[in-house]
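Chemist: The structure is given below, and queries will be raised subsequently.
The values are calculated or read from the model by the stated rules, or taken from the named source; none is laboratory data. Fair warning: this is a prediction, and the values are worked out from it, not measured in the lab. With ideal geometry, Cβ positions are generated from the backbone for all residues, glycine too; neighbour counts draw on all protein chains shown.
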Amino acid sequence: MKESIQQLKPYIPEEPISRLKERLGLTKLVRFSANENPYGTSPQVKEAVLAYVCSHDSSQYPDSYAASLRTAIADFIKVPAESLVIGVGLDEVITLLSRAFLTAGDSIVISTPTFSEYALNGQLEGAIIKGVPCNEVTGATDLDGMVAAIDETTKLVWLCNPNNPTGTYVSVEAIRKFMKQIPKEVLVLIDEAYIEFVTSVEAPSALPLLAEFENIGIMRTFSKAYGLANYRVGYLVLGQGLVNYVQTIRLPYNLNSVSQVAAEAALGDQAFIRHVVAANAVARDSWEACLMQWGLHYYASEANFLFVEFKSPEEAKAVADMWLRAGYQVRMGLRPQWLRITIGQAEDCKAMQQLLGQFLGTCTM
Ligand SMILES: *Cc1c(COP(=O)(O)O)cnc(C)c1O
């Protein structure tokens, strides 16, 4: 057994909803703990998948290059098709990048808290994880602190934007300034898993920086705003100098044809994305107003979730349990006494907010 693996804490995946419902004896359970899309998936995805499945059998390997999906993505975000690596979710992309660029003794720089897969995959390769705490009060990523944490061992810098779990967003201008301070040998990876949900600026993506810096990669996924988590499709955009290294270590048939068809159909329905993003922004406002009213500390979110602080770990757990009994599961354990709440549809948000109001109005914890 590799020593680096013996020390790992594995990612704990969500328990399937059906099993959890049975275990808790609930008739209704909505998962607001994994930032999945509460508005489901574009109906065009179902149509495309059915049409594909009806006209093909499964005896042949999929298109290794995912050419049709690749062209659609490249056209949509206006990058060369060769600059894309399409993975089985961003999870695979994060694994590929770590495997390609990290050797034992290297280091990676992350903001904390952030998505756990960067550190997990770094540790797997024997890398040292340098975590730079975000601003306690605002949740803002400490970009200057991240620059300062870089040394000659640093190979990768991960910047999740908006960041999971804080929900905070870093502007393109701030990233540009940040990039100017990063040594050319260090690759900066911007995880834009939630970029569609940003509504405070017109053009929130760091994609334009690809033309200005060679040492930047941008990652996107179909799992969140596109509501395609089950099909596992994510992609990386990387400059010509580096992209082939990642392509080389990708498994040749990583992405099955149904997923390729589904993602292309999802990309084609931008009206669905506009609807999801607009509804999420309204529900997000209602949550923020509610949290403010109850005097709870939270971070201003540009994503489809909110990170909220309670008075004590006991109170956070009591709130999570109270919601769970009512059929709403939220995410605990990312930080003591904080909960991450995926923003649901208006009706569910309202029900959760009422329950929270009752709890805080009556509890003496
Ligand atoms: C959900 C999430 C991912 C994982 O995306 P998949 O494409 O489903 O593997 C990647 N990064 C962040 C920050 C996420 O929250």
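Chemist: In region 59-105, how many residues are of a type in the set (G, A, S), surrounded by fewer than 12 Cβ atoms within 10 Å (Cβ to Cβ) and in contact (Cβ under 8 Å) with a residue 60 or more places away in the chain?
Modeler: Selection size over region 59-105: 1.
Chemist: Turning to a different aspect of this structure: Which condition from (1) touching a strand residue (DSSP E or B) at 6+ places or on another chain (Cβ under 9 Å); (2) surrounded by 21 or more Cβ atoms within 10 Å (Cβ to Cβ); (3) aromatic (F, W, Y) is the one that F213 breaks?
Modeler: (2)
Chemist: A follow-up question, please. Scan region 22-53 for residues that are in contact with a Lys or Arg (Cβ under 8 Å, 6 or more places away or on another chain) and of a type in the set (V, I, T) and report the count.
Modeler: 1
Chemist: For the subset of region 179-204 comprising residues that are without any contact (Cβ under 8 Å) to a residue 40 or more places away in the chain and under 21 Å from the mean Cα position of the chain (by Cα), which member is nearest to Y226 (Cα to Cα)?
Modeler: Once the filter is applied, the top-ranked residue is I195.
Chemist: Regarding region 103-117, can at least one residue be identified that is within 26 Å of S301 (Cβ to Cβ) and more than 14 Å from the ligand (Cβ to nearest atom)?
Modeler: Narrowing region 103-117 to residues within 26 Å of S301 (Cβ to Cβ): 108-117.
Pick out the ones that are also more than 14 Å from the ligand (Cβ to nearest atom) and you get 108-109.
Yes: one or more hits.
Chemist: Still on this model: Scan region 53-61 and give yes if some residue there is hydrophobic (A, V, I, L, M, F, W, C) and within 16 Å of the ligand (Cβ to nearest atom), otherwise no.
Modeler: no
Chemist: What number of residues within region 18-50 are within 20 Å of F222 (Cβ to Cβ) and part of a helix (DSSP H, G or I)?
Modeler: Total satisfying the criteria: 8.
Chemist: What pairs come up if the first residue lies in region 13-39 and is closer than 21 Å to A193 by Cα and without any contact (Cβ under 8 Å) to a residue 60 or more places away in the chain, the second is in a loop (DSSP other than H, G, I, E, B) and within 13 Å of the ligand (Cβ to nearest atom), and their beta carbons are under 7 Å apart, counting only those six or more places apart or on different chains?
Modeler: What qualifies is E14/S33; E14/A34.
For (1) within 15 Å of G89 (Cβ to Cβ); (2) touching a helix residue (DSSP H, G or I) at 6+ places or on another chain (Cβ under 7 Å); (3) modelled with pLDDT of 95 or more, each residue gets a yes or a no:
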residue	(1), (2), (3)
S223	yes, yes, yes
Q240	no, yes, no
V277	no, yes, yes
D285	no, no, yes
